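K.L.:
Below you'll find the structure I mean.
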């Protein structure tokens, strides 16, 4: 498995790259090792020290590839270590963003959301359902080409892009109900206000 990973190391972690992990834990372990190494280097340059709580927060952040708010992360971290303070979670999030390991994104509702997925897919975009709040990440070479073309024509070089498309849920429109809306309500997540 490790040998196969090494062969595909420079490819995207997606089905389109022709490589999938059968063991999700191996992918997470490798990502965590790479993230920890980059974070350790960043912390050393900043003159900070490694802490157990910061390590636990990093593990929780990258254990899933879901977007999250600081409060959602705080709740997840408290299940692992009830002693971790909200301030420690917020400071660690700030470090991860500053170290370019995590990206802050605006998915609406004036709420900062964090995206742990851009390390593997630096040029992905988001489609947000305004009915149920579901977030779908997508990559499209045509979008990348268009973005690069527009940047160059205006005298710039694209460093990164983030496109957010807001759309209505097709299932709700066609069927009158959406399983994502029901799931969102059951988890207690805040739904977007209709405009």
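K.L.:
Of all residues in region 121-148, which are buried (at least 16 other Cβ atoms within 10 Å of the Cβ), within 20 Å of the chain's Cα centre (by Cα) and in a loop (DSSP other than H, G, I, E, B)?
P.N.:
Residues satisfying the conditions are 121, 123, 124, 130, 132, 133, 134.
K.L.:
Does region 164-175 contain at least one residue that is surrounded by 13 or more Cβ atoms within 10 Å (Cβ to Cβ), under 18 Å from residue 69 (Cα atoms) and either at pLDDT 80 or above or outside the structural domain of residue 69 (by TED's automatic domain parsing) (or both)?
P.N.:
yes
K.L.:
Also, I was wondering about something else. What residue, of 113, 88, 92, 158, is under 30 Å from residue 46 (Cβ atoms), in a strand (DSSP E or B) and at pLDDT 80 or above?
P.N.:
On the way: 88 fails: in a strand (DSSP E or B); 92 fails: in a strand (DSSP E or B); 158 fails: in a strand (DSSP E or B).
Of 113, 88, 92, 158, the one residue that is under 30 Å from residue 46 (Cβ atoms), in a strand (DSSP E or B) and at pLDDT 80 or above is 113.
K.L.:
Please work out if residue 76 is at negative phi, in contact with a helix residue (DSSP H, G or I) (Cβ under 6 Å, 6 or more places away or on another chain), surrounded by fewer than 18 Cβ atoms within 10 Å (Cβ to Cβ) and part of a helix (DSSP H, G or I).
P.N.:
Numbers: at negative phi: yes; in contact with a helix residue (DSSP H, G or I) (Cβ under 6 Å, 6 or more places away or on another chain): yes; surrounded by fewer than 18 Cβ atoms within 10 Å (Cβ to Cβ): yes; part of a helix (DSSP H, G or I): yes.
Considered against the rule, which asks whether it is at negative phi, in contact with a helix residue (DSSP H, G or I) (Cβ under 6 Å, 6 or more places away or on another chain), surrounded by fewer than 18 Cβ atoms within 10 Å (Cβ to Cβ) and part of a helix (DSSP H, G or I), residue 76 comes out as yes.
K.L.:
Then there is this: So, residue 50, is that one at pLDDT 90 or above and surrounded by fewer than 17 Cβ atoms within 10 Å (Cβ to Cβ) or not?
P.N.:
On the way: at pLDDT 90 or above: no; surrounded by fewer than 17 Cβ atoms within 10 Å (Cβ to Cβ): yes.
So residue 50 fails the test.
K.L.:
If residue 23 satisfies every condition in (1) loosely packed, with under 15 Cβ neighbours inside 10 Å; (2) modelled with pLDDT of 90 or more but one, which is the exception?
P.N.:
Failed condition: (2).
The values are calculated or read from the model by the stated rules, or taken from the named source; none is laboratory data. Bear in mind that the values here come from a model prediction, so they are computed numbers and not experimental data. When we count neighbours, we look across all protein chains shown, and the Cβ atoms used for this are built from the backbone with ideal geometry, even at glycine.
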